[in-house]
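A.B. asks: A single structure is presented below for examination.
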Amino acid sequence: MSRRLLVAPRLWTSCRTEATSFAFRGHPTRTSFAIGQDQRHLYASSSSTASFVSRIAAGTTFNPPNTAAHAFSRLRTAFQRPSSLPGAPSSSPPHAPSPILRRLLHSSRTSHGPRSYYPSLQSPRSQPRSSSLVARLNSFSPNTILYALVALNVAVFLAWQYAHQVYQQYRDPSLLRSLQNNFTTSWRNITQGRVWCLLTSCFSHEGTGHILMNLLSLYFMGPPVIMMLGNAGFLSLYLFSGAVASLTSLLFSRLSLPHSQSLAYSAHGASGAIYGCLSFFAAAYPRTTFLLFFVVPVPAWACVAGILGWDLYGALGRRGGTTDSAGHVGGVVAGLMWFTLLRGRFR
C-alpha cells in the first residue's frame, strides 16, 4: 500500500512507513510545484526509514524545522492559506481551498480503501434489512427465543379456554369464531384469503394434554437445534415445518375425505413444527440417543423412523381419529428437506 508525501518550500515533514512513494501529475517519483514564475523540482524517494533529499533549482538550501509538530503546523497553514506564499497567484477566491487541498479532497472522495469493520460506526441503511433482522434475532439468548415460543403457545391456549367459557356462559360465539378463523388450518380459511392460518395454527392448542406434550417436546428439542442453527435459523425451521405440515394436512384431507367433510375439516397444533425440528436433528446426528417415553434408549434415526411409520399408518390405515397424522408426516418431511438444504454445514 502506498502513502503520499507532500513537500512545499520551507516546510519539511517525514513519515515512517513500510513503503512511501508519491505520484503527482502522472510521474512515479517526481513531484513539481509551480509557485509564481519560479519552477522548482523536488525529488522524493523512500526506503524503510523514509528519508528524502530535496533540491531547489535556484540554489536555495532547504532547512528543516526543529520539530515535527512545527512542520505539521506550517503545512496546515499552507493548505488553509495558499495566498500567504510569496509570489503565489491569486486567481482563486480568498476562501477557496488550495489546489493541493482540492486534490486531497478529490482523492479522499474517490478512494476505495478499507472501511471500518465496526457495525456501530456504519449507517444502518448500508445493511440489508434481512441481515439486520437476522442479527437482531441472533442477539437474543436462546432461552429468550424458547420462552417466547412457549409464552405465545400458552397465550393462544388461554384465549381458547376463555372463548369456550364465554360461549358456555353467555352463548356468545364471536370470540370462538374469531379464533377458528385465524388460528386453525382449513379450506374455508384459505379460500377466504386467511393464508396466515398456515403459520398461526402452529401456535394454537385447545386441549390441555395436547399443549403439555408439545411444549414438553419443544423444551427438550429446541435448545440443541437453536445451538446448531442460531435463533433465526431455528425460527425459520420451526415456521417452515409448521407451514408444510399445515399444507400436507389440507391436501390429504381434500384427497381422502368426501367434499363436504373436507370443507368442514380444520386442524391446529405445534406438532408438525416440532417434528420438523426433531427430524432435522436426527438427520444431522443420527446416532444420538433419545429416551423414548423418558425410559427406553433408542438412536435418533430409529426414533424418527418409528414416528414416520406410525403416522403414515395413522394417515392411511386409521380413520376417524382426532390426531392429524398427515400433518405429522409433513413436519417430519419438512425437517429432512431443511437438513438437505443445509447438510454442507454438518459434514
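A.B. asks: I'd like the distance separating the alpha-carbon centroids of segment 301-340 and segment 202-229, in whole Å.
C.D. replies: Using only Cα atoms to place each centre, the spacing works out to 16 Å.
A.B. asks: Still on this structure, please answer the following. Compute the distance from the alpha-carbon center of segment 135-198 to that of segment 239-281, in whole Å.
C.D. replies: Each part's Cα centre sits 16 Å from the other's.
A.B. asks: Going by how many other Cβ atoms sit within 10 Å of their own, how do His328, His205 line up, fewest first?
C.D. replies: Ascending number of Cβ neighbours within 10 Å: His205, His328.
A.B. asks: 7 Å from Cα along Cα→Cβ at both Ala302 and Ser139: what's the point-to-point distance in nm?
C.D. replies: Spacing of the two 7 Å Cα→Cβ label points: 4.6 nm.
A.B. asks: Once you charge only the Cβ atoms, +1 for Lys and Arg and -1 for Asp and Glu, what is the size of the charge dipole of segment 142-346 about its Cα centre, to the nearest 20 debye?
C.D. replies: Details: 10 positive and 4 negative charges, 56 e Å.
Around 280 debye, computed over segment 142-346.
A.B. asks: Rounded, prolate or oblate for segment 142-346? Axes are the square roots of the Cα gyration tensor eigenvalues, ordered a ≥ b ≥ c, and the cut-off for rounded is a/c under 1.5.
C.D. replies: prolate
A.B. asks: Name the shape class, rounded, prolate or oblate, that the alpha-carbon gyration tensor gives for segment 277-347, where a ≥ b ≥ c are the square roots of its eigenvalues, rounded holds for a/c under 1.5, and otherwise prolate holds if a/b is larger than b/c and oblate otherwise. Don't skip to the answer; put the middle values down first.
C.D. replies: Numbers: a/c = 3.09, a/b = 1.41, b/c = 2.20.
The shape class here is oblate.
A.B. asks: What is the Cα coordinate range of segment 162-221 on the first, second and third principal axes, sorted by size from largest, in whole angstrom?
C.D. replies: So the extents along the principal axes, rounded to whole Å, are 38, 32, 12.
A.B. asks: Using label points projected 7 Å from each Cα along Cα→Cβ, tell me how many nm separate Leu175 and Met227, to one decimal.
C.D. replies: Label-label distance for Leu175 and Met227, simple model: 4.1 nm.
A.B. asks: Based only on the alpha carbon positions, what is the Kirkwood hydrodynamic radius of segment 151-272, in angstrom?
C.D. replies: When all Cα pairs of segment 151-272 are included, the Kirkwood radius is 15.4 Å.
Read-outs: derived from the displayed coordinates by stated rules, not from any lab. Since this is a predicted model, take the numbers as computed values, not measurements. Quick reminder, even Gly has a Cβ in these numbers, built from the backbone with ideal geometry, and neighbours come from all protein chains shown.
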